[in-house]
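Please treat every number below as a calculation from the coordinates, not as lab data. Just so you know, these numbers come straight off a predicted model, no measurement behind them. Reconstructed Cβ throughout: ideal geometry from the backbone, glycine too, with neighbour counts over all protein chains shown.
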Amino acid sequence: MTEKEKKFYIVREDILPESILKTAIAKEMLANGDANNIIEAVDKLSMARSTFYKYKDGVFSFFNADSLNIINISLLLKHIPGILSQVLNCVALNKGNILTINQSLPLHGVAHVTLSISVDELTITIDELLSTLNTIDGVVNVEIVGTS
């Protein structure tokens, strides 16, 4: 079967065989730094390395973006070094999780930036975040352009 012919299925974890589930968990441990290498991951899960290698290329975790509260904001920033960094730090300090960043080339001394931000753990209201971003020297304009 070629790559084009392969089918994918979404399956609840409680019906997966233990070896496939542990392989998925081991891959997550490696991706998020809970294990430094494959040997450490499989040892923590009490599974054989051969089992991991058998299933590793066919097991993928499913990310469900439906469970996230996402806002998309548009910013107009002056072309001054460090402005975008200040914006990103402001979002991070208030526990916003930046998912995407798109930035245009500066024209007439300003650049257009669009951020997608997960606000699930935001410590202030969205309006307060926008107001705080507007107070950063070099931020010309901030507005919400969409939500997910």
Links exceeding 26 Å between C-alpha atoms in this model, out of Lys6/Lys27; Lys44/Lys95; Lys6/Lys54, come to Lys44/Lys95
Estimated distance in nm for a label pair at Ile136 and Ala48, the labels positioned 7 Å out from Cα along Cα-to-Cβ:
5.3 nm
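Mean residue ellipticity at 222 nm from the helices of the chain, using -39,500 (n - 2.57) per DSSP H segment of n ≥ 4 over the full residue count, to the nearest 500 deg cm²/dmol? Display every interim value, and only then the final one.
Working: 5 runs with 49 residues, N = 148.
It comes out at -9500 deg cm²/dmol, rounded to the nearest 500.
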Formal net charge of residues neighbouring Leu122 (Cβ-Cβ distance under 12 Å; K, R +1; D, E -1)
-3
Listed values (i) 15.2; (ii) 18.6; (iii) 17.9, entry calculated as Kirkwood radius over Cα pairs in Å
(ii)
What does the C-alpha gyration tensor say about the overall shape of the stretch 16-62? Classify as rounded when a/c is under 1.5, otherwise prolate if a/b is larger than b/c, or oblate.
oblate
Whole angstrom only: what separates the Cα centroid of the stretch 131-148 from the Cα centroid of the stretch 18-62?
41 Å
Near the amide H of His79, under 5 Å away, which other amide H atoms are found, from residues 5 or more places off or on another chain, if H is placed in the peptide plane?
Val110, Ala111
